[in-house]
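Take a look at the structure set out below.
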Amino acid sequence: MSYISAGFFLIIAVTAVFYYLIPKRFQWWLLLGVSFIFYATYGLRCMGYIVFTIVTSYCITRIIAVQEDRRIRRRWLIAALVSNFGILVFMKYINFAIVNVNSVLSCFGGNENLKRIDLVMPLGISFYTFQMMSYVIDVYWKKYEPEKNIFKLALFGAYLPQLLQGPIGRFDRLAPQLLGGNDFDLKNIEYGAQRIAWGLAKKLILADRAYVFANAVFSDLDTYTGVYVIVALLLFSIYEYCDFSGGIDVVIGVSEIFGIKLDENFRQPYFSKSISEFWRRWHITLGTWMKDYVFYPVSVSKKMLSFGKKAKKIFGKTTGKVLPICLANLLIFFIVGVWHGAAWKFIIYGIYNGIIIAVSSLLKPYYAGLAKKCHINTESKGWKVIQIIRTFILVNIGWLFDGCATAGQAFKAMGAVFFRFRLSVLTDGSLYRLGLIKRDWQILIVAVIILFISSIMKEKGIKLRDFVAERPLLVRWLIYLVLIFATAPFGYVGSTTEFMYAQF
Amino acid sequence: MKKKRGIITAAVFIALVVLLNNLLNFMLVQPGLTRTMFYELTQENRECIILGASHGSYGLSAQELDKGLNMNTTNMCIGGEYMIDAYHILKYAVKNGSPKTVILDIDYQYLINRHDESILFHQVYNGYPSCGQKVSYFVDRIAREEYRGAFLKWTNYWQCYYMIDKTVKKKLSKEYREYSPYVVSMDKNDTYEGKGFISKSKKASKATTSVLEWNEAKVSDSECEYIEKIVDLCRRNNIKIIFTTVVQDPKTVAGQADKFAAADSYIRNLANKLNVEYYNFNYLTFEAFDRTEEDFWDREGHMYGETAEKFSTVYAQVISKSLDKTLKNEDYFGENLKEIYQGIKAY
């Protein structure tokens, strides 16, 4: 049952009614029950994994909390991390490893192939594992006391709206809201519904439509080159953003209905002026997770500090200071790449981002010097626009690794841009042959303009939702009705896809 | 006080959305045949019910089957009817009557792919009468589908806005209230002959739509699971069940004989496992039923009305003899598709 299914919305509506009817102290029980029932609709076989993660996190944090010996505490932490990340890695990457081992063996003339393992991937495993491990690490760091009630911890791990595609929550921010109970507030319902409708509009009107064309081009790069690839890439970037952020809008909106505010996951990412800024605006909760639990611990580790000292001696103060950060970034983006999927294309995608960020950090002082010499006002609007466009191009190149079936295909697509480059494709009707008719293009263009304007307004700090909420009741209702009823017919009808990140 | 006002405001808004949605459904959703078929199903006691998809609805004349089987037959084959839909139709039929025989017509394409024209178009759901079974059907099937097809049915018909007046007029008419098929929106070359049979006129030109290639790896577990459920439901209600596959365009079968044979083998194994008779009418010899590509209005193998009536006679003979246990397979069926279709040139 996906987040755009009839059943999901029905479950949410019924749960919301009961949520506000029952006493506040029982509300979290209801959420827990519904979350597990929802998860069970995907098959009971998946349940064991999430239950294992909850139980191990609960038991180990209870032990860590009472244990004084640092070494023993550390051992238990490692046990939690290894067992849970071990399952994640095994489930997601074992077949990838087998394929690669077979390839290597065949290079050496081996005929015996290791057989792939038929596994049922537990839904949302990447998300709930990261979320629960953040809790375990925080308890280990004594950021807060461990939860004494395993069912309360289970709700934190399996909270229905964010279970399948995040955002990756933090216990200290989420648990009090989940467990404390909430009074009925029309504003929450209104804001929640607003956000859901906006998310569905992004998904159905933009993402699903954009995907059709992009997928058709990326699947046949021998036929479609030049302008086709550029248009497909632009549409793929719309798809990536609208699908993922649309899904998150639905998740956050649903949660808001229960009076629970989840962490934001996007902040107009395509307005970023550098790749590192992009990653602070895109999938924010994954980025902050990496920063808190990988980047900082690695950066301040003994080995990294001693490496920094050596680097300063060899390369000088400036470069020596940046090098350990570059290394930590490379590690993070390698993990981010691996997290995205078991394929070389994702690993290359991660390393691609890591290298850009590392090189940018190393060259930052030189860029500043160059800009000064060329009398470029780096604070001017024009320069910022150039930076945004430059970053957008770099991001789009990265998207090729996601959009194409393999890394080889992604490189092929990069080359294909320069073959048979005919601008007439844009005007001679050729674009109508790849799954989208004229009406689809018209809807796409209008919707992109609306999305762009709303993003600019958000970027300027104009709170659109508050602006709408402050209108008179009838005007508000009119806006909501248009959002609800316009999304349906203008949404793409065809082979719509599941939310992309729901498969992680 | 503020809380109470908030609840009332939310309730009024929700009521407004529901009202508007129902209004749009009423004005835009075209009256479908399934509504009439469900109604007809409950009007008399149907002794034999045929379940299946569009090949069955265009290929099996219930009137001919009535004569041949000497049973009151109804054809509940509906385009886009998957096994889960067939199962719930049967549940409805069992609840509202006492069928003695069920024929499940299996089009292998439904086992390997979802190929309905729109993900939002649920013919069976749209025509299913409001009742307890519909709730269970919703939970089983529609709850997993996209919300627009389930709640905002008009989404799939919004382009019919220019005929709102006609649609409203139809829905307010006495004929509509009495489930008459004459108010149903149908293709101009289609005639509803009653009891679920749609007859396609020869005026309709041949479409090039062809069959999906059989691929066992793509077989949906859920479809097989529901076939088992259908068999189980029949056994629990002492209903005799038979599997069939109606005959298709000979040129298409000739062109993919190996694939058709593989699909047949898969379904036959499933039937054997469930201890159900299976008759694949693509194996009909040309002596038993002569046919050419001219008898089908598309390459996929949907029959013209005239052909369907002739075919239904042969179909009824086979089923009748099977029920009497007097059927000699060799009188009707060949064993090897390549031999049966030798001399037929593929497309």
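The values are calculated or read from the model by the stated rules, or taken from the named source; none is laboratory data. Everything numeric here is computed off the predicted structure, so don't read it as measured data. Here the Cβ is made from the backbone with ideal geometry for all residues, glycine too, and neighbour counts use every protein chain on show. Calculation scope for accessible area: heavy atoms of the full protein, side chains included, ligands and nucleic acids excluded. Shrake-Rupley method; radii C 1.70, N 1.55, O 1.52, S 1.80 Å.
When the helices (runs of 4 or more DSSP H) confined to the stretch A:148-220 are screened for residues that are within 14 Å of chain B (Cβ to nearest Cβ) and either under 30 Å from A:Asp440 (Cβ atoms) or touching a helix residue (DSSP H, G or I) at 6+ places or on another chain (Cβ under 9 Å) (or both), those reaching at least 2 such residues are found at A:186-201, A:208-218. Mind counting the residues in the stretch B:13-35 that are more than 9 Å from chain A (Cβ to nearest Cβ) and in a helix (DSSP H, G or I)? Counting residues in the stretch B:13-35 that are more than 9 Å from chain A (Cβ to nearest Cβ) and in a helix (DSSP H, G or I) gives 12. If you go through the stretch B:42-63 one residue at a time, how many are in a loop (DSSP other than H, G, I, E, B), of a type in the set (A, V, I, L, M) and touching a residue at least 60 places away in the same chain (Cβ under 8 Å)? Result for the stretch B:42-63: 1. Remark: pairs (first residue in the stretch A:5-26, within 16 Å of A:Tyr39 (Cβ to Cβ); second residue of a type in the set (Ser, Thr, Tyr) and assigned to a helix (DSSP H, G or I); Cβ separation under 7 Å; 6+ apart in sequence or on different chains) = A:Ser5/B:Tyr147. Scanning the stretch B:145-163 for residues that are assigned to a helix (DSSP H, G or I) and facing chain A (nearest Cβ under 8 Å) gives B:Tyr147, B:Arg148, B:Gly149, B:Ala150, B:Trp154, B:Thr155, B:Asn156, B:Trp158. Reported count of residues in the stretch A:167-178, each being open to solvent by 40 Å² or more (accessible area, probe 1.4 Å) and farther than 16 Å from A:Val139 by Cα, is 1. Set side by side, the residues A:Ile87, A:Ile117, A:Ile98, A:Ile125 differ, and just one is among the β-branched types (Val, Ile, Thr), closer than 30 Å to A:Ile72 by Cβ and open to solvent by 10 Å² or more (accessible area, probe 1.4 Å), which is A:Ile87.
Put simply, of A:Ile137, A:Ile117, A:Ile64, A:Ile94 the only residue that is free of Cβ contacts under 8 Å to residues at least 60 places away in the same chain and assigned to a helix (DSSP H, G or I) is A:Ile94. Scanning the stretch A:45-72 for residues that are open to solvent by 10 Å² or more (accessible area, probe 1.4 Å), β-branched (Val, Ile, Thr) and over 18 Å from A:Pro161 (Cα atoms) yields A:Val55, A:Thr56, A:Ile60, A:Ile63, A:Val66, A:Ile72.
Elements of the type helices (runs of 4 or more DSSP H) sitting completely within the stretch B:248-347 and holding at least 2 residues that are surrounded by fewer than 18 Cβ atoms within 10 Å (Cβ to Cβ): these cover B:257-274, B:305-324, B:329-332, B:337-340. Scanning the stretch A:1-40 for residues that are among the small types (Gly, Ala, Ser) and more than 10 Å from chain B (Cβ to nearest Cβ) returns A:Gly33, A:Ser35, A:Ala40.
For the stretch B:308-323, which residues satisfy the criterion of being touching a residue at least 24 places away in the same chain (Cβ under 8 Å) and not aliphatic (A, V, I, L, M)?
From the stretch B:308-323, those touching a residue at least 24 places away in the same chain (Cβ under 8 Å) are B:308-309, B:311-320, B:322-323; that's our starting set.
Across the stretch B:308-323, the qualifying residues are B:Glu309, B:Phe311, B:Ser312, B:Thr313, B:Tyr315, B:Gln317, B:Ser320, B:Ser322.
Within the stretch A:184-235, being charged (D, E, K, R) and open to solvent by 20 Å² or more (accessible area, probe 1.4 Å) holds for A:Asp185, A:Lys187, A:Glu190, A:Arg195, A:Asp220, A:Asp222.
When only residues in the stretch B:68-77 that are surrounded by fewer than 24 Cβ atoms within 10 Å (Cβ to Cβ) and touching a helix residue (DSSP H, G or I) at 6+ places or on another chain (Cβ under 7 Å) count, which is nearest to B:Glu40 (Cα to Cα)? Talk me through it step by step, then tell me what you get.
Residues of the stretch B:68-77 surrounded by fewer than 24 Cβ atoms within 10 Å (Cβ to Cβ): B:68-72.
After this cut, where a residue has to be touching a helix residue (DSSP H, G or I) at 6+ places or on another chain (Cβ under 7 Å) as well, the list is B:68-69, B:72.
On the way: B:Gly68: 20, B:Leu69: 19, B:Asn72: 12 Å.
Selected residue: B:Asn72.
Among all residues of the stretch A:26-44, there is none that is crowded, with 17+ Cβ neighbours inside 10 Å, in the same structural domain as A:Ile150 (by TED's automatic domain parsing) and in contact with a Pro (Cβ under 7 Å, 6 or more places away or on another chain).
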